[in-house]
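Peer 1: Here it is: the structure, laid out below.
The values are calculated or read from the model by the stated rules, or taken from the named source; none is laboratory data. Keep in mind it's a predicted model, so treat the numbers as computed, not measured. We place every Cβ from the backbone using ideal geometry, glycine too, and count neighbours over all the protein chains shown.
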Amino acid sequence: MLKINEIKATSIISKSNLPDSDYVINPYVGCNHACLYCYARFMKRFTGHDEPWGEFVDVKINAPDLIPNNTFKYRGKSIFIASVTDPYLPLERKYQLTRRVLEKLIPLRPKLGIQSKSDLIVRDIDLLKQFDDCEVGLTITTLDEKLQQELEPTASSPERRIKALEELHQAGLKTYVFIGPILPLLTDWKKIILATKHCTDFYMFENLNLSGGGVKSSVGAWLAACHPEWQTEYDKIYARGSDYWDKMETEIKEFCREHQIEARVYFHHGK
Ligand code: SF4
């Protein structure tokens, strides 16, 4: 059962520690896409929630009002929406926070990056087109709908995400697919590229990082309950000294070079 709280935030544009972003905006706290591998579950600690991750969302109802007017501070700076929630949660249909944040950002002329697992993102094509510099991404971790339902229960199906990408691309927006986290043995990244390259300008890749305790226990419990047959292979891949990810990173870079695909690889190697 989703617990929804309307809250008033004190600020909305935060300094980013993500690669390639100066600032981040998170219109919501929590995320009911409830992805099994979500690294953002650490947010529970900072926000005093004891509900399971995915079962609460705080709605920052004043988010658009916190975007300043008439400032040059963000001109040409990269702002990413969103780092610890999805800007197009089902609740966004009602609250329209992301939409109203975008309206306020356009005159500030930042370099915008926005990424979602929901096809609701196409609702805002009219606004996204008004940014001087805008990259719009859909995350795809698998094309297998059954597996996607296990991993990301309330997000759009892979098919709907691809349709959204097509619509964004046809509207003239710069699109990307975030293939991440790559789940060993499960994420067929080549298949995802082949299914989307007609409507995608570039790709980002991230591997599944199990160094966070919350992610490790969530993914571990899922493997044990639903896919015990993969456990041994996962143990080998995540064993000290494994070169699994080094090899995959090389393979991705070679594949993308051969196919003249722009690739941005953000792999964690546990080093
Ligand atoms: S959409 Fe992103 S923030 Fe939301 S649960 Fe999934 S991984 Fe976490």
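Peer 1: Inside segment 109-132, can you point out the residues that are more than 19 Å from T200 (Cα to Cα) and either within 16 Å of the ligand (Cβ to nearest atom) or buried (at least 21 other Cβ atoms within 10 Å of the Cβ) (or both)?
Peer 2: Residue satisfying the conditions is P110 alone.
Peer 1: For a quick check of your reading of the model, give me the residue pairs whose first member lies in segment 29-45 and is among the polar types (S, T, N, Q), whose second is near the ligand (Cβ under 7 Å from one of its atoms) and not in a helix (DSSP H, G or I), with beta-carbon atoms closer than 6 Å and at least 6 apart or on different chains.
Peer 2: N32/G54
Peer 1: Quick test for you: out of G30, G76, G48, pick the one residue that is crowded, with 20+ Cβ neighbours inside 10 Å and either under 16 Å from E103 (Cα atoms) or out of contact with any helix residue (DSSP H, G or I) (no Cβ under 6 Å at 6 or more places or on another chain) (or both).
Peer 2: Every option except G30 fails the conditions.
Peer 1: Still on this model: Determine which single condition Q130 fails, assuming it passes every other condition in (1) of a type outside the set (G, A, S); (2) modelled with pLDDT of 95 or more; (3) in a loop (DSSP other than H, G, I, E, B); (4) closer than 18 Å to A34 by Cα.
Peer 2: Going through the list (1) of a type outside the set (G, A, S); (2) modelled with pLDDT of 95 or more; (3) in a loop (DSSP other than H, G, I, E, B); (4) closer than 18 Å to A34 by Cα, Q130 breaks only (4).
Peer 1: Checking the conditions here, which among E135, E55, E92 is surrounded by fewer than 20 Cβ atoms within 10 Å (Cβ to Cβ) and either in contact (Cβ under 8 Å) with a residue 12 or more places away in the chain or within 16 Å of the ligand (Cβ to nearest atom) (or both)?
Peer 2: Details: E135 fails: surrounded by fewer than 20 Cβ atoms within 10 Å (Cβ to Cβ); E92 fails: surrounded by fewer than 20 Cβ atoms within 10 Å (Cβ to Cβ).
When all the criteria are applied, what remains is E55.
Peer 1: Would you check which residues across segment 33-45 are within 21 Å of L97 (Cβ to Cβ), near the ligand (Cβ under 8 Å from one of its atoms) and in a helix (DSSP H, G or I) and list them?
Peer 2: Across segment 33-45, the qualifying residue is only A40.
Peer 1: Could you list all residues from segment 225-246 that are in a helix (DSSP H, G or I) and closer than 16 Å to P181 by Cα?
Peer 2: Y234, I237, Y244, W245, D246
Peer 1: While we're looking at this one, here's another question. Taking W189, is it closer than 24 Å to D20 by Cα and surrounded by 15 or more Cβ atoms within 10 Å (Cβ to Cβ)? So that I can check it myself, show each step before the final result.
Peer 2: Working: closer than 24 Å to D20 by Cα: yes; surrounded by 15 or more Cβ atoms within 10 Å (Cβ to Cβ): yes.
Against the criterion (closer than 24 Å to D20 by Cα and surrounded by 15 or more Cβ atoms within 10 Å (Cβ to Cβ)), W189 qualifies.
Yes/no matrix, rows are residues, columns are (1) touching a residue at least 12 places away in the same chain (Cβ under 8 Å); (2) within 30 Å of A171 (Cβ to Cβ); (3) buried (at least 16 other Cβ atoms within 10 Å of the Cβ):
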residue	(1), (2), (3)
E206	yes, yes, yes
S217	no, no, no
E233	yes, no, no
W245	yes, no, yes
M248	yes, no, yes
I252	yes, yes, yes
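Peer 1: On the given criteria, is P110 modelled with pLDDT of 95 or more and in contact with a helix residue (DSSP H, G or I) (Cβ under 9 Å, 6 or more places away or on another chain)? Please lay out each step first, then the result.
Peer 2: Working: modelled with pLDDT of 95 or more: yes; in contact with a helix residue (DSSP H, G or I) (Cβ under 9 Å, 6 or more places away or on another chain): no.
When the stated conditions are applied, P110 does not pass them.
Peer 1: I'd like the full set of residues that are within 24 Å of Q96 (Cβ to Cβ) and assigned to a loop (DSSP other than H, G, I, E, B), limited to segment 51-69.
Peer 2: Let us first name the residues in segment 51-69 that are within 24 Å of Q96 (Cβ to Cβ), namely 54-69.
Across segment 51-69, the qualifying residues are G54, E55, I61, N62, I67, P68, N69.
Peer 1: Would you point out which residue out of T141, T200 is within 16 Å of the ligand (Cβ to nearest atom), within 27 Å of R99 (Cα to Cα) and either touching a helix residue (DSSP H, G or I) at 6+ places or on another chain (Cβ under 7 Å) or in contact (Cβ under 8 Å) with a residue 60 or more places away in the chain (or both)?
Peer 2: Among T141, T200, only T141 is within 16 Å of the ligand (Cβ to nearest atom), within 27 Å of R99 (Cα to Cα) and either touching a helix residue (DSSP H, G or I) at 6+ places or on another chain (Cβ under 7 Å) or in contact (Cβ under 8 Å) with a residue 60 or more places away in the chain (or both).
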